[in-house]
1. Let me confirm something: among 152, 158, 180, which residue is without any contact (Cβ under 8 Å) to a residue 40 or more places away in the chain, touching a helix residue (DSSP H, G or I) at 6+ places or on another chain (Cβ under 6 Å) and either hydrophobic (A, V, I, L, M, F, W, C) or more than 16 Å from the ligand (Cβ to nearest atom) (or both)?
2. Tell me, yes or no, whether segment 201-214 has at least one residue that is more than 12 Å from the ligand (Cβ to nearest atom), out of contact with any strand residue (DSSP E or B) (no Cβ under 9 Å at 6 or more places or on another chain), modelled with pLDDT of 95 or more and on the phi > 0 side of the Ramachandran plot.
3. Identify all residues within segment 1-53 that are surrounded by fewer than 18 Cβ atoms within 10 Å (Cβ to Cβ), in a helix (DSSP H, G or I) and touching a strand residue (DSSP E or B) at 6+ places or on another chain (Cβ under 8 Å); write none if there are none.
4. Which of the numbered conditions does residue 198 fail, given that it passes all the others? Conditions: (1) without any contact (Cβ under 8 Å) to a residue 12 or more places away in the chain; (2) away from the ligand (no atom under 16 Å from the Cβ); (3) more than 23 Å from residue 107 (Cβ to Cβ).
5. Determine, yes or no, whether residue 64 is closer than 24 Å to residue 113 by Cβ and surrounded by 18 or more Cβ atoms within 10 Å (Cβ to Cβ).
6. Take the conditions modelled with pLDDT of 95 or more, over 17 Å from the mean Cα position of the chain (by Cα) and of a type outside the set (D, E, K, R) and apply them to residue 117. Does it pass?
7. If you go through segment 219-255, how many residues are within 16 Å of the ligand (Cβ to nearest atom), touching a Leu at 6+ places or on another chain (Cβ under 8 Å) and closer than 15 Å to residue 180 by Cα?
Amino acid sequence: MANKRIPVIAGNWKMNKVRDEALQFIYSVNQEVPSKELVETVICASDVLLRCLVKRQGDELRIGAQNVHYEEFGAFTGETSPRVLETTGVTYVIIGHSERREMFNETDETVNKKLHTALKYHLTPIVCVGESLSIREAGTTNDYVRSQVVNAYKGVSAKNALLTIVAYEPIWAIGTGKTATPEQAEDTILSIRNVLAELYGNDVSERIRILYGGSVNTSNIEVLIAKPNIDGALVGGASLDPASFLALVTAAVRK
Ligand code: PGA
């Protein structure tokens, strides 16, 4: 069953790259990205760059946003409407990244609202969950992540759950160079799949892609992706360089 899930490599550029750098990147990877039947390749850039990337994306590359507001329009200064993303040609959106949870007061409740919104506007949500170092050290990671998943998916139908992607990103591994071991990542990702099975049944949970994120690079992608439940990666730092990004995508094809 597991080998039926198409792997996903999603680059999260965070607040990096000016327009010229983004264009240079896209021109150098466009022709090299493998078929989306082998791997889904996504770049999540800052909002200002999205239109210029969408206009120049090759057939196999997809462009995503890093956040979305849960309302369509209104008095939400500084926020981005899901309609604007949809009409810009964006097809993915990261929801509930730990940097947004920690620095911009995102909660399980806003993550849930944004998940519903993304689905309504045909944006493939990449729902981020993950524990802090103190939770990892206390041995309660899987309980903590379980509650993040249950809260995120409240009111989401099985049909819609199938359209989502989960990214397990331990906070202590993000941008630190300290990757979870493949065993730690697989263990928590399996526990996430079990939660999804409780919510939606095995058939659905076996078809939802669950990614690992946190200091993924060209040296550790192979061992991570070799794990049966790890369906790809959400990648920050190592997605900024075209050669490194393409190497990650190529590694995922071999899954
Ligand atoms: P990193 O970031 O790969 O630089 O650790 C991952 C992320 O924040 O999604």
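The values are calculated or read from the model by the stated rules, or taken from the named source; none is laboratory data. Worth saying up front: this structure is predicted, and the values here are computed from it rather than measured. Positions of Cβ are backbone-derived with ideal geometry, glycine not excepted, and every protein chain shown enters the neighbour counts.
1. One residue alone meets the criteria, 180.
2. First pass over segment 201-214, keeping only residues more than 12 Å from the ligand (Cβ to nearest atom): 201-210.
Then keep just the ones that are out of contact with any strand residue (DSSP E or B) (no Cβ under 9 Å at 6 or more places or on another chain); that gives 201-207.
Imposing the further condition that a residue be modelled with pLDDT of 95 or more reduces the set to 201-207.
With on the phi > 0 side of the Ramachandran plot added as a condition, the list becomes 201.
Within segment 201-214 (the criterion being more than 12 Å from the ligand (Cβ to nearest atom), out of contact with any strand residue (DSSP E or B) (no Cβ under 9 Å at 6 or more places or on another chain), modelled with pLDDT of 95 or more and on the phi > 0 side of the Ramachandran plot), the answer is yes, since at least one residue qualifies.
3. 30, 47
4. (3)
5. Numbers: closer than 24 Å to residue 113 by Cβ: yes; surrounded by 18 or more Cβ atoms within 10 Å (Cβ to Cβ): yes.
When the stated conditions are applied, residue 64 passes them.
6. no
7. Looking only at that region, the number is 6.
This table checks each residue for (1) within 16 Å of the ligand (Cβ to nearest atom); (2) among the β-branched types (Val, Ile, Thr).
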| residue | (1), (2) |
| --- | --- |
| 4 | no, no |
| 49 | no, no |
| 54 | no, yes |
| 64 | yes, no |
